[in-house]
Amino acid sequence: MAVKVGAACDARRDGNFVIIARTDARSVDGLDAAIERACLYAEHGADMIFVESLANEAEMRKVVEQVPRPLKINMIEGGKTPRLSFAHLFEIGFRLVNYSGLLQRAAMRSMEVALDVLKREGVTAGLYPDRIVNLAERNEILRLDEFYALEERLYGPLLNTERSWRDQMKGASKRATGKRRKSPI
């Protein structure tokens, strides 16, 4: 793996491209072996190191103390690494906190809830507006107006049927902007 890390560093063409080397040795060979590999990856040029499956805060601190590179950590519900706040993880010394698959897994649960409501009630009205965005909000979140502008620039003027639908969505989007829920973040 160290040779591969070195090769990736040699092949890098952009100084802003960050090479993160990962070791899963903690689960198989123990913490000391994982730290040894992490240090070897650092010697071969990795910009950042990710030691997977740290079991507690003491292990986290030991890795931060012994690995001479910025460190990444995963926070996954149900994983082996204890979930700590990102502020605490930064205080420990981690520089990148990854919430791997968080939005996907949250969306999956929300989909199950929506389908359960539809099955149970036969209608989704009870989900709106607190748990479902409207079509205009969806278009805003996805920034579809930018794609539509690109599409027109590439392909020319829209057909009347496409234009009326897009104009209708643009009007709905403007009306929804004032009513939009605040982001939880």
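The values are calculated or read from the model by the stated rules, or taken from the named source; none is laboratory data. Remember, it's a predicted structure, so these values are computed and weren't measured experimentally. Using ideal geometry, Cβ is built from the backbone for each residue, glycine included, and neighbour counts are taken over all protein chains shown.
Taking only the range 1-37 into account, find how many residues are out of contact with any helix residue (DSSP H, G or I) (no Cβ under 7 Å at 6 or more places or on another chain) and either assigned to a helix (DSSP H, G or I) or small (Gly, Ala, Ser) (or both). Count: 15.
Taken over the range 131-185, residues that are aromatic (Phe, Trp, Tyr), at pLDDT 80 or above and within 29 Å of residue 111 (Cβ to Cβ) amount to 2.
Looking at residue 144, is it more than 30 Å from residue 36 (Cβ to Cβ) and in contact (Cβ under 8 Å) with a residue 24 or more places away in the chain? For residue 144, the condition - more than 30 Å from residue 36 (Cβ to Cβ) and in contact (Cβ under 8 Å) with a residue 24 or more places away in the chain - is met. Taken over the range 51-81, the criterion of being surrounded by 17 or more Cβ atoms within 10 Å (Cβ to Cβ) and touching a residue at least 40 places away in the same chain (Cβ under 8 Å) is satisfied by 72 alone.
For the subset of the range 50-90 comprising residues that are over 21 Å from the mean Cα position of the chain (by Cα) and charged (D, E, K, R), which member is farthest from residue 30 (Cα to Cα)? The qualifying residue farthest from residue 30 (Cα to Cα) is 69. In the set 46, 55, only one residue is within 20 Å of residue 88 (Cα to Cα), part of a loop (DSSP other than H, G, I, E, B) and not charged (D, E, K, R); that residue is 55. Evaluated against (1) within 30 Å of residue 40 (Cα to Cα); (2) at pLDDT 90 or above, residue 119 falls short on exactly one condition, (1).
Of all residues in the range 1-18, those being within 18 Å of residue 34 (Cα to Cα) and of a type in the set (A, V, I, L, M, F, W, C) number 4.
Residue pairs whose Cβ atoms lie under 8 Å apart, separated by 6 or more positions or on different chains, with the first residue in the range 1-16 and surrounded by 12 or more Cβ atoms within 10 Å (Cβ to Cβ) and the second of a type in the set (Asp, Glu) and at pLDDT 95 or above, are 2/43.
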